[in-house]
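Read the figures in this text as sums done on the coordinates, not as results from a lab. Here the structure is a predicted model, which means the values were calculated and not measured. Cβ: placed from backbone, ideal geometry, glycine included. Neighbour counts: every protein chain shown.
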């Protein structure tokens, strides 16, 4: 009897997750060409393009989930034994980023905005594997506060859904290109990206957590974006 109840609860929970995901992705707004000017801290969400998505591939046999994202080879990446994954930001390259309403943006409707190109590159000679959530890399933006310290201007929200977990798979010399919000505000400062890595060492069967930062770049935000949010599921990777 207990087993039946537990299975029913889990099944209902996963059905609920899927229904919510379909509802979340109903928006198809027009591109308005503007940067994101917000008076509140927004949720970081770095959607991985569908071209990287794979499902039930044999090379994923050592990973928990069969759904994963496979980075593409880049012959221009110079590998060595001392390097690791790098987060490279290109703030001068304009790209189109979808600003979803359901991701707690300050606008009641989703819309397209001009964003920043961000590339995750594996400069090592090892295969790197780490987790993501809801099709996104676990990453946020930080800005240099007037007090001289780096502080988050985005937050990450951990999922309460059991089927949100995905993996990213980086062979040596590979990359994944992402899009990020480009903020506009009254306070000119430096910004950087902060990537959370939950890494699997497939050779030694070990797991580790690591934070990787991009190089700082010039930008602007509003002071109110430094306001820390307090919620059980909110995470700043600390």
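Fewest neighbouring Cβ atoms within 10 Å first, the residues 96, 113 line up as 96, 113.
Ranked by how many other Cβ atoms sit within 10 Å of their own Cβ, fewest first, the residues 177, 39, 88, 238 fall in the order 238, 39, 88, 177.
If packing is taken as the average count of other Cβ atoms within 10 Å, what order do 147-158, 69-80 fall into, highest mean first? Present the calculation step by step, with values, prior to reporting the outcome.
Working: 147-158: 16.7, 69-80: 13.2.
Peptide ranking by packing, descending: 147-158, 69-80.
Taking 7 Å steps out from each Cα toward its Cβ at residue 164 and residue 230 produces label points 2.2 nm apart.
Calculate, for residue 37 and residue 125, the FRET efficiency according to 1/(1 + (r/R0)^6) with r their C-beta to C-beta distance and R0 41 Å; round to the nearest 0.05.
Working: r = 43 Å, r/R0 = 1.04.
Using R0 = 41 Å, I get an efficiency of 0.45.
Start at zero, step by 10 Å, and the Cα-Cα distances of the stretch 110-237 spread as 11, 38, 35, 14, 2 percent across the bins.
Residues 213, 169 in ascending order of nearby Cβ atoms (within 10 Å, fewest first): 213, 169.
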